Structure formats: C-alpha cells, structure tokens
Protein chains: 2
Amino acid sequence: MPRPRGTHDARAELRGRAATINDIARLAGVSKKTVSRVINQSPLVRADTREKVETLMREVGYVPDPMARGLAFRRSFLIGMIYDNPTAQYIVDIQYGALDALRDSGFELIVHPCDSRSPGYIDGVRRFVQLQKLHGVMLVPRVSEDQALADMLDELGCRYARIAAVALDSPERMVVTHDRDGGAEVADYLQTLGHRELAMITGPATYRSAMERSEGFIGALRRRGIEIPPERLAEGGYTFESGVAAAERLLALPAPPTAIFCGNDEMAAGVYRVAVRAGVRIPQQLSVVGYDDSPLATRLWPPLTTVRRDTRDTGRMAAALLLQNSTASGVRLSVRPHLVVRDSCGPPA
Amino acid sequence: MPRPRGTHDARAELRGRAATINDIARLAGVSKKTVSRVINQSPLVRADTREKVETLMREVGYVPDPMARGLAFRRSFLIGMIYDNPTAQYIVDIQYGALDALRDSGFELIVHPCDSRSPGYIDGVRRFVQLQKLHGVMLVPRVSEDQALADMLDELGCRYARIAAVALDSPERMVVTHDRDGGAEVADYLQTLGHRELAMITGPATYRSAMERSEGFIGALRRRGIEIPPERLAEGGYTFESGVAAAERLLALPAPPTAIFCGNDEMAAGVYRVAVRAGVRIPQQLSVVGYDDSPLATRLWPPLTTVRRDTRDTGRMAAALLLQNSTASGVRLSVRPHLVVRDSCGPPA
DNA sequence: CTGAAAGCGCTTACAG
DNA sequence: CTGAAAGCGCTTACAG
C-alpha cells in the first residue's frame, strides 16, 4: 500500500533529521514567517495556507524547538515549582496535578525547593527565575504566603500562581484551599457526636493554613456555644514529634479533652502514639481528627477521620493559571476541603 | 566609600540590563569567542586574559544564557528524571538528592513521570528527550530496569544513569543499591533472634528490587540451614492492600510463621493491620520487618524494624554521574542498605 | 593563544 | 494576508 505521496516526499527530504521551521517553509512553499504564524496561532494566515502548513507539520512530526523559540521570545517554556518543606505526598501530588495541566502544552515542570528561613532565599529564587527566563512559577505553601516573594516576582514581570488557604492576591494568581471550612466541618462533626471538652493541636502560628484551620474550628464551636480553654490549645510544628509532645501535655491535663483535632495527619499520628502508650483507647476514650488525608491516615489503627484536600486538583489549577492567555477563563480557582469519616471518632466516654 | 572603579563602570554601562557575552567581550576588550572560551573552560586562553574576563563576569554578575548556549550546543542544560510509580517519599528523596548534585552546576531538574505499562511509553520518553534535547536522564526503578528504554536512549545518544538493585549496565551508567544485601541482613537478624518458621511477602516478581530482596533473604537463610516452604512465600504488589491480603493468608496457615519479612514498609503496615485485627501482638507473637525505612516505619506501633536505603544519596550519585565529563572519577557508584532495629521483632513465642 | 564569520532555530519589526 | 532582513545570545569551524 503506497503512502500518500506528500508524506513520503517530505519524510524522504529530511532523511531522519528532525525538521526545522526552514524545512516546513520550503516544503510548504511559504516563508518561515508564515510557518511561524501558524505555530503561534496568528489569525493573519489564510485558512488554506494554514491548513497546508499544519498538515505538513503533522506529517513530518514537526514540533518547534523550545530553546530556539525561547531565545527569540526571551522567555522559556518552563514552569518552576517553588516550595519550602511540605510533606512528600503533598509535593508529589502537586507535581502530578501540575503535570496533568502541562501535558501536551509544550511546557515542562522544573522543581525548585528552597529554605524560606534562610536570608538569601528570595534572591535565590530571583536568580533562578531570571536565568531560566521562566514562563511562570507555582508557589506552594508556605512560600506562597510570603508577600515579599510575590512582590519580587511581580517586579520581575514573572507570572505566578499562589496556593494558599485564603485569597492573598488577585484571583488570576490564586488557588484558594479554604482551610477555614475544613476546620469548621470538623467542629460541626465533633459537636454532633456530643463532644464538649475539645482540644486542638494547631500547626505553626506562622503558617496561614494552620491559623485558618484552627480559627475555622474554634469559630464554629463558638457559634455553637462551645469554648476551648487556652490550656487545651497546643501549638505544634506539623511534625509527628510535635504531635507527641502536645498530646502528652493535653492528656496529662486535670480535665483532659474527649476529642482532639490536629492541624495535620502527622500530628494526629503523634496523638495515636501517646494514646497507645498511655493505654487510652481511640475512639472509645478519645476521638482524634487529622487534616490532609495522607496515606498515613489509613495505615494507622483505627483508620483516621481526617479532612481531605484535593491536592492534585490544586496543582492542576495552579499550573493551568500559568498557561492562560486571558485573565477571563473557565479555570476553577478554588478547591474545597471535606471531612472523610473513618473510625477514630465516637461519642465521648 | 567609593566602589572599585572597574565595577562601577561596568555596572553603569549595563544600566540594569542583564549582561550578555557581547557586553563582557566589549568591557574586557577581547572577542566574544575568547569570553566563550573562558565560559567553557578552554585551556586555550592566556592566564591573565582569563583572569581579566573572569573578574569582569563576577563583577557584573554575568551568567551565560542557558537557552542561547543550549541552542548553539544543540543540547540543553536540563536533566530529566523518569519514573513510574514509586512512593511519594522515594520520589522526593531522589529529587532532593539530584538537586544537591545539580546545585550551582547550571543544570536544572525536570520531572517526567510515566506509565511503563502503557504501550507507547518509550516513545513518549523519546519525544521528551529529543524535544528538550536533554543533557541526560535519571532512570528510577522500575523504569530503570527496562532494557528497551535504555537501548532507546543509547540510540539517541542521550546519557543516562540507572538506579537499580544490581548492575544492569556499565558502571558509569549505574547506581547500584544492593538490595540483596538488605534481604540477607534481615535473614541474619531474624535467625539470630531464634526464628526458624519464617515467611516473606515479596514485591512483584517483575521488579528486580523485589527479587533481589527475597533472594538475598532466602539465600542467607538457606546458608544457615533454614528453608522457607512455598506456602510461606507470598507475592505482594508493594502496596498496603496487598500486604493485608498476604498477611491474612499467612496468618491463617496451619503452622503460621513466627516472623514475616516484607518487601517494603507499606506491606509491613498491611501485616500490622491484620495483626491488630486478629489480636496477634507484635513483636511478642509475631516479628515483622520492612524495607525502605519510610516515615511510616516510625509512625506505626510498635516502631518498625526495617532496612534503610539512602535514597537521597542515591539520587545525588545518579545526577552526579550525568554531570561528569570523564568516565574516570571519584563518584561513588553504589549505596549499601542497612538494617535499622526498632521494636517490631523479638524472639519467637 | 585570539578573532571574524557563519550558524543554531526561532521571532520581532518593518514593508508591502 | 505574506515575506526579506535583522536579531535573540551563544558556539562551531576556520584562520591566523
């Protein structure tokens, strides 16, 4: 079966070499500028010319060279992902989500962890963004909460998408995760189970997510007439060890809580640890709720009731924001947390 | 305090604009080709010329544009990380390690997950490598075990570094993790504790790591005169759920094992789950060993005895291999697993 | 040891 | 709607 003539000729001409814009122009009998217009979807090309060029590009499998294009554009086709030190699962989920959005877009994802406590970190990001001429960057909590970083990017003219618990920026630069709602939902759930003596282990007060989760929790309880006394509020560091330390303190209280809400699953695992060692049974003697719905939640026994975040969606949205041409679009800009009930909560003893 | 004159002049000339090779050439009073030679560390530059150019580059903070350089070189300054579906912690650790090695090298890491079971995946990687003109790729298990993928990269002339349990390739392309040794160490440990009735939940037989771990375990036991009967060998899928299923089968055996070695921590967590539900106490009635030393190992109760892999080092070595100019070098090409004893093992009941 | 010319594969700015 | 010229910031190939 003979191939279509055009294809054969075009392929033969190239002799296995990757096609360039010059090849396409020559084979199509147009100037390279016209091919460039087709590549860049300029409306200033006659329909039949466009058709001819597009067919040819498809036939020879031509894809423009990102480095050449980037050099001419003075901007690369790379998206940077900037993050400080979230959990491994969170990083990976954001990455997968971002890659979902970037698939077949011609953009690639380049990862850039950094230490937001080190003094020169903003300069480090600046050098990275400038040198690579990034098309845009995704800012993951908690660097996403750093206004100085956002200001620097703005000054550089680098687009960015911030992932944060609340809207810290204009809508086209934000993916909002509404952590306050998650905290409130936990409050409602525990209240409905009958708990009145509640405690919370919050994340670091310097994290917006931590503040939102705890304020959502405390606020919702207050609206239902329940107050958490100060000694039942412990600040943790989002780590297992800090969860252990906080739980030890809370369970040693003269009037220990009947339920503990933890700012994340890692700290909830810390509560589990203390409970086992102290012989406190979950959920019979103590209810525990986490936040994240990490894989850990289902590995623990009993399986942990926790708040799920759609992290992969979050990453997808953030990357999609960076690819948009117009500000107006159908991209969803927020993601809602929701409670996943498992077996770590029951009515108070 | 007046600045050194040279610096001031050079900076003033640029007026905030990023310097190019032309600026450096002009300011240094040499041709751009000479500057290029300095950039590329050519020996064909007189020492004082080099010194003059280097000083100037430092003063104005000149760094060559990777896209321009890449276009001229026909090769980018990007390293690709290709992986299938390892655990989140593993992916992130390899990434951190790779970034350690790439720091200040001018190279960046671009992530590329793929599905090695999908038929077109090798073509997908080929397009990725060709389009981005990658400097090299890191192959993480299990894609690292795919000879067809390695052959394709070889044909493309793309350098690669394979991370695998055994040497599948020439030394300058391998980071070997010696999983067999890890399995053997577990055997020795359990044997020393007095166990004779052993079981193993292996990873998928299609994973080289899984085979190495189990063969190391079984072989070491055999050398000590202990055989594992076939019904005590269960194949899992490196997942929690498969660990649960395998453990249920093993513990229901007429003569259940006194110790179970699991091909990874996730499956060990599955064994824990079954043990809790069946009222089997760890380590009093059942000893359990995992592999990975993932964060999960210390979140479980009792803390899991497991085999640690230095994953970050592994990633660092793989990336370092790709940066090397000569084959001969001081880069270490292998990493040794070692047992981390915690509280999940004891003498048999 | 150093440099002028041409080129990497695209786009911008200007014409028509 | 289309194209010829110049340029993005580097390197290669060739001279000297």
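Quickly run through segment B:69-98 and pick out the residues that are among the aliphatic types (A, V, I, L, M) and surrounded by fewer than 21 Cβ atoms within 10 Å (Cβ to Cβ).
B:Leu71, B:Ala72, B:Ala88
Exactly one condition in (1) in a helix (DSSP H, G or I); (2) more than 14 Å from every other protein chain (Cβ to nearest Cβ); (3) in contact with a Pro (Cβ under 7 Å, 6 or more places away or on another chain) is not met by A:Val186; state its number.
Against the list (1) in a helix (DSSP H, G or I); (2) more than 14 Å from every other protein chain (Cβ to nearest Cβ); (3) in contact with a Pro (Cβ under 7 Å, 6 or more places away or on another chain), A:Val186 comes up short only on (3).
With the requirement that a residue be under 41 Å from the mean Cα position of the chain (by Cα) and open to solvent by 60 Å² or more (accessible area, probe 1.4 Å), what does segment A:15-41 give you?
Across segment A:15-41, the qualifying residues are A:Gly16, A:Arg17, A:Ala18, A:Asn22, A:Lys32, A:Lys33, A:Arg37, A:Asn40, A:Gln41.
Exactly one of (1) of a type in the set (Val, Ile, Thr); (2) facing chain A (nearest Cβ under 9 Å); (3) in a helix (DSSP H, G or I) is unmet by B:Val111. Its number?
Checking B:Val111 against (1) of a type in the set (Val, Ile, Thr); (2) facing chain A (nearest Cβ under 9 Å); (3) in a helix (DSSP H, G or I), the one that fails is (3).
Condition check ((1) in a helix (DSSP H, G or I); (2) crowded, with 17+ Cβ neighbours inside 10 Å; (3) within 7 Å of DNA strand D (Cβ to nearest atom); (4) not assigned by TED's automatic domain parsing to the domain that holds B:His135) across all residues:
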{"position": "B:Pro43", "(1), (2), (3), (4)": "no, no, no, yes"}
{"position": "B:Glu51", "(1), (2), (3), (4)": "yes, no, no, yes"}
{"position": "B:Thr55", "(1), (2), (3), (4)": "yes, no, no, yes"}
{"position": "B:Glu59", "(1), (2), (3), (4)": "yes, yes, no, yes"}
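In the list A:Thr311, A:Thr298, A:Thr258, which residue meets the criterion of being more than 25 Å from B:Ala88 (Cβ to Cβ) and out of contact with any Gly (no Cβ under 6 Å at 6 or more places or on another chain)?
Going through A:Thr311, A:Thr298, A:Thr258 in turn, just one is more than 25 Å from B:Ala88 (Cβ to Cβ) and out of contact with any Gly (no Cβ under 6 Å at 6 or more places or on another chain): A:Thr258.
Can you run down the residue pairs with Cβ atoms below 7 Å, 6 or more apart or on separate chains, where the first is in segment A:46-61 and within 14 Å of chain B (Cβ to nearest Cβ) and the partner is among the small types (Gly, Ala, Ser) and more than 14 Å from DNA strand D (Cβ to nearest atom)?
A:Val60/A:Ala10; A:Val60/A:Ala19
Under 9 Å between Cβ atoms, at least 6 apart or on separate chains: pull out the pairs that start in segment B:31-43 with a residue that is more than 20 Å from B:Ser105 (Cα to Cα) and end on any residue that is open to solvent by 70 Å² or more (accessible area, probe 1.4 Å).
B:Lys32/B:Asn22; B:Lys32/B:Arg26
Do you know which residues across segment A:160-172 are in contact with an Asp or Glu (Cβ under 9 Å, 6 or more places away or on another chain) and either closer than 30 Å to A:Pro347 by Cβ or charged (D, E, K, R) (or both)?
Residues of segment A:160-172 that are in contact with an Asp or Glu (Cβ under 9 Å, 6 or more places away or on another chain), as a first pass: A:160-162, A:164-166, A:168.
Within segment A:160-172, A:Arg162 is the sole residue that qualifies.
I'd like to check something: does segment A:147-156 contain any residue that is surrounded by 19 or more Cβ atoms within 10 Å (Cβ to Cβ), at pLDDT 95 or above and not assigned by TED's automatic domain parsing to the domain that holds A:Asp84?
Scanning segment A:147-156, I find no residue that is surrounded by 19 or more Cβ atoms within 10 Å (Cβ to Cβ), at pLDDT 95 or above and not assigned by TED's automatic domain parsing to the domain that holds A:Asp84, so the answer is no.
Name the one entry in B:Arg159, B:Arg142 that is more than 14 Å from every other protein chain (Cβ to nearest Cβ), within 29 Å of B:Met67 (Cα to Cα), open to solvent by 10 Å² or more (accessible area, probe 1.4 Å) and touching a strand residue (DSSP E or B) at 6+ places or on another chain (Cβ under 9 Å).
B:Arg159
Which one is nearest to DNA strand C (Cβ to nearest atom), of the residues in segment A:68-96 that are part of a loop (DSSP other than H, G, I, E, B) and over 21 Å from A:Leu149 (Cα atoms)? Spell out the reasoning first.
The first filter runs over segment A:68-96 and keeps only residues part of a loop (DSSP other than H, G, I, E, B), leaving A:74-77, A:84-87.
Imposing the further condition that a residue be over 21 Å from A:Leu149 (Cα atoms) reduces the set to A:74, A:77, A:87.
Numbers: A:Arg74: 8, A:Phe77: 11, A:Thr87: 40 Å.
If we take residues in segment A:68-96 being part of a loop (DSSP other than H, G, I, E, B) and over 21 Å from A:Leu149 (Cα atoms), then A:Arg74 is nearest to DNA strand C (Cβ to nearest atom).
For segment B:194-218, what are the residues that are open to solvent by 50 Å² or more (accessible area, probe 1.4 Å) and in a helix (DSSP H, G or I)?
Scanning segment B:194-218 gives B:Arg208, B:Met211, B:Glu215.
The values are calculated or read from the model by the stated rules, or taken from the named source; none is laboratory data. Just so you know, these numbers come straight off a predicted model, no measurement behind them. Here Cβ is always computed from backbone atoms with ideal geometry, including for glycine, and neighbour counts include all displayed protein chains. Each accessible area value is taken on the protein alone, full model and side chains, heavy atoms only, with ligands, DNA and RNA left out. Shrake-Rupley method; radii C 1.70, N 1.55, O 1.52, S 1.80 Å.
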